[in-house]
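All remarks here apply to the structure that follows.
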Amino acid sequence: MADSERWQQILNVASQIFMEKGYKGTTLDEIASNLNMTKAALYYYVSGKEELWIKCHTHSIDNAKGHIQPIYESSLPPDQKLFEMIKTHAQIVIETVHTANFTLFEKTFIPSSIPLQKLTEKRDNYEKMFTEVIEEGIEKKVFRTANVKIIRLIMLGSINFIPNWYSPAGELSTLEIAAVFAEFLLKGILRSRSDTN
């Protein structure tokens with residue numbers, strides 16, 4: 001197996017265990033065992049649990065950004081742009097529900113460090129794309145005037161909660177669920193003809 005394939009496998013397995021047991025409940029021994037490799041072999045890829053946790057988060061955010069950024073940079077009007085961004089973010093969360101929902105950090109368990117600061121900046125930059133589209137929509141009077149930070153937190157927070165109730169056996173497909181979220185979250189900030197602010 002090529003190193004790149006093995007590394008992806010490590011990220012997937014580690015992400016799933018971190019998701020299930022949290023940072024404190026996860027051990028490198030368990031991750032190595034699930035990968036059918038020795039703990040010593042795992043140290044070839046990472047220096048320890050903290051580095052692996054950060055790399056799992058980084059991979060997740062980079063993957064999401066790769067899907068969201070082209071929409072953010074498109075020439076779509078802000079309402080259509082935000083609809084597609086919300087829908088895509090929801091799809092990503094659902095499709096990685098068992099392996100990499102790292103939009104919520106357990107930073108209280110991780111000592112402050114430069115890698116953690118860089119990871120936090122990555123997450124903040126990802127969320128900033130949503131903030132700027134909401135601001136654009138308000139400026140162009142497509143969206144109602146509101147506290148942009150609260151709106152963004154409601155949108156991303158509700159989507160990031162999906163793993164707590166989602167079941168692949170449900171009656172709706174991933175795309176259908178994502179579209180429902182996009183439609184209802186967008187409706188909450190769209191201006192109506194009666195809006196005066």
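Using DSSP to call loops (not H, G, I, E or B), can you name the GluC sites (Glu not before Pro) in the range 1-83 whose Cβ has at most 11 other Cβ atoms within 10 angstrom?
Details: sites: GLU5, GLU20, GLU30, GLU50, GLU51, GLU73; in loops: GLU73.
Within the range 1-83, the qualifying GluC sites (Glu not before Pro) (loop, at most 11 other Cβ atoms within 10 Å) are GLU73.
For the range 155-193, run through the chymotrypsin sites (Phe, Trp or Tyr not before Pro) and keep only the ones in DSSP coil with at most 13 other Cβ atoms within 10 Å of their Cβ. Spell out each step's value before the answer.
On the way: sites: PHE161, TRP165, TYR166, PHE181, PHE184; in loops: PHE161, TRP165, TYR166.
Answer by residue number: TRP165.
Using a basic spin-label model with each label point 7 Å from the Cα along Cα→Cβ, how many nm lie between LEU175 and GLU5?
3.0
Ignoring everything except DSSP H segments at least 4 long, calculate the 222 nm mean residue ellipticity for the chain; use -39,500 (n - 2.57) per segment, divide by total residues, nearest 500. Please report the intermediate quantities before stating the final value.
Values: 8 runs with 129 residues, N = 197.
Helices in the chain give a 222 nm mean residue ellipticity of -21500 deg cm²/dmol.
Taking the Cα centre of the chain as origin and charging only Cβ (+1 Lys, Arg; -1 Asp, Glu), how large is the dipole, in debye to the nearest 20?
Details: 22 positive and 24 negative charges, 96 e Å.
Roughly 460 debye for the chain.
Which entries of LYS118/LYS140; LYS81/LYS128; LYS21/LYS118 have Cα-Cα distances beyond 21 Å here? Working shown, then result.
Details: LYS118/LYS140 33 Å; LYS81/LYS128 14 Å; LYS21/LYS118 24 Å.
Distance filter (> 21 Å) returns LYS118/LYS140; LYS21/LYS118.
Of PRO78, PRO115, PRO168, which has the largest mean-square fluctuation in a 10 Å C-alpha GNM of the chain?
Top of the fluctuation ranking is PRO168.
Which net charge results for the neighbourhood of LEU153, defined as the other residues with beta-carbon distances under 14 angstrom from its beta-carbon, given Lys and Arg at +1 and Asp and Glu at -1? Walk me through the numbers before you get to the answer.
On the way: positive: ARG123, LYS128, LYS149, ARG152; negative: ASP124, GLU127.
Charge balance near LEU153 sits at +2.
Where a number appears in this text, it was derived from the coordinates with a stated rule and is not lab data. As the structure is a computational prediction, the values presented were derived from the model and not from experiment. Neighbour counts are summed over all protein chains in view; Cβ atoms, including those assigned to glycine, are modelled from backbone coordinates with ideal geometry.
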